[in-house]
Amino acid sequence: MEESVVAAVLCGLGAWLPPRVLTNEEIATRLDTSDEWIRSRTGIAERRVAGPGTSTVDMAVAAGELALASAGAGDPAAEAPAVDAVVLATATPDQVCPASAPQVAARLGLGEVNAVDVNAVCSGFLYALATASGFIAGGIARRVLVVGADAFTTLVDPDDRGTVPIFGDGAGAVVLRAGDADELGALGPFALHSDGALADLLMVPAGGAKQRRSDDPRDYFLDMQGQAVFRQASTRMAEASRTVLDQAGWTVGDVDRFIGHQANIRILQSTAKYLGLPQDALVVNIERTGNTSAASIPLAMADAQRDGNLMAGQKVLLSAFGAGLTWGATLLRWPALVGA
């Protein structure tokens, strides 16, 4: 008799954005740009910025609390522990060392649980989902809190008109539990890829072991070759998406919603075009959030859930692309969730 496949099932969702709104008009008062220029090239009208007293861990804790509440994991009457693992996707940890995930777990009162950071930058949330799914499939954990959180504006040169309008800060989180592969909310298959030969397309040169210090302050900020990244992003996201669709036995026509990394509206539209998806299948919230790196997919999921744009049973395709280069995709049928 065959054993049933243990799958990671999405059962909780939460999102948090800093209160500070930075509009295109405000950026245009100090940089050579305009609201029209930014909107036409990125689809962004505003983004949120974490204040000096708000860190990545702070945002991750806020989103994590909401996801735990959504899952009912914080119910003191529940027999199972809240979660027995935390996976934090971030490129902006509070410190270079130690990792931030254990601090998130401690702040949430989760005890001495397995807690680990994953850094795949804008693809980080997908990599974190895959990591958590592996914990569950391997019997290491039964319930996992997965958080995508980035204070990416801290990596942006405030005088660079090419990057300042693009990035924002925020956090989104989900709770995964062990379940069956045929349940609503079950994740998979996954397709994850990388190409380190193109790492210099998106890079912060200084601050790491290779170049700990630099006399040029710009070396501590993100250097992005925008046009080259655009050409890579759409094709890579589409390729990974086709892989998981084929593995699941789905067609493009089966997909009800496509939730891609919210990097640029034109990248999302181009990816949908490559796949043959109708534009109305796109879930888009970049106009209000900007590119929040690892937080972007769970933030988009939470917005769509709240707005009624995601309904239980819909077939959902997730895909992302980021620095590294890294990219990937996965699938799920949307579950019935409480809150976001």
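Some observations on this one:
- Check on L325, in contact with a strand residue (DSSP E or B) (Cβ under 9 Å, 6 or more places away or on another chain), within 28 Å of M224 (Cα to Cα) and assigned by TED's automatic domain parsing to the domain that holds L222: yes
- The set of residues from the range 273-305 being polar (S, T, N, Q) and touching a Phe, Trp or Tyr at 6+ places or on another chain (Cβ under 9 Å) comprises N291, T292, S293, S296, Q305.
For every residue, the table says whether it meets (1) at pLDDT 95 or above; (2) of a type outside the set (G, A, S); (3) closer than 30 Å to W250 by Cβ.
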| residue | (1), (2), (3) |
| --- | --- |
| S123 | yes, no, yes |
| L126 | yes, yes, yes |
| V144 | yes, yes, yes |
| D159 | no, yes, no |
| G185 | yes, no, yes |
| A199 | no, no, no |
| V204 | no, yes, no |
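- Filter result for D256 (of a type in the set (D, E), at pLDDT below 95 and surrounded by fewer than 21 Cβ atoms within 10 Å (Cβ to Cβ)): no
- One residue alone among R266, R218 is more than 21 Å from N309 (Cα to Cα), part of a helix (DSSP H, G or I) and of a type in the set (K, R), and that residue is R218.
- Members of the range 15-60 found to be part of a strand (DSSP E or B) and touching an Asp or Glu at 6+ places or on another chain (Cβ under 7 Å), listed by number: V21, L22, T23, R48
- Test: residue in the range 139-154 that is in contact (Cβ under 8 Å) with a residue 24 or more places away in the chain, closer than 30 Å to A28 by Cβ, of a type in the set (S, T, N, Q) and crowded, with 20+ Cβ neighbours inside 10 Å: yes
- The residues of the range 197-208 that are in contact (Cβ under 8 Å) with a residue 40 or more places away in the chain and either outside the structural domain of Q227 (by TED's automatic domain parsing) or more than 21 Å from P93 (Cα to Cα) (or both), listed by number, are L198, L201.
- Per the listing A89, A99, A120, the residue uniquely under 19 Å from V175 (Cβ atoms) and touching a strand residue (DSSP E or B) at 6+ places or on another chain (Cβ under 6 Å) is A89.
- Out of L192, L110, sole residue that is crowded, with 17+ Cβ neighbours inside 10 Å, touching a helix residue (DSSP H, G or I) at 6+ places or on another chain (Cβ under 9 Å) and in a loop (DSSP other than H, G, I, E, B): L110
- Residue in the range 289-302 that is assigned to a helix (DSSP H, G or I), surrounded by fewer than 24 Cβ atoms within 10 Å (Cβ to Cβ) and out of contact with any helix residue (DSSP H, G or I) (no Cβ under 7 Å at 6 or more places or on another chain) present: no
- Among the candidates S319, S270, the residue that is touching a residue at least 60 places away in the same chain (Cβ under 8 Å) and either among the charged types (D, E, K, R) or not assigned by TED's automatic domain parsing to the domain that holds L17 (or both) is uniquely S319.
The values are calculated or read from the model by the stated rules, or taken from the named source; none is laboratory data. Just so you know, these numbers come straight off a predicted model, no measurement behind them. A quick note on method: Cβ atoms are made from the backbone with ideal geometry, for glycine too, and the neighbour counts reach across all protein chains shown.
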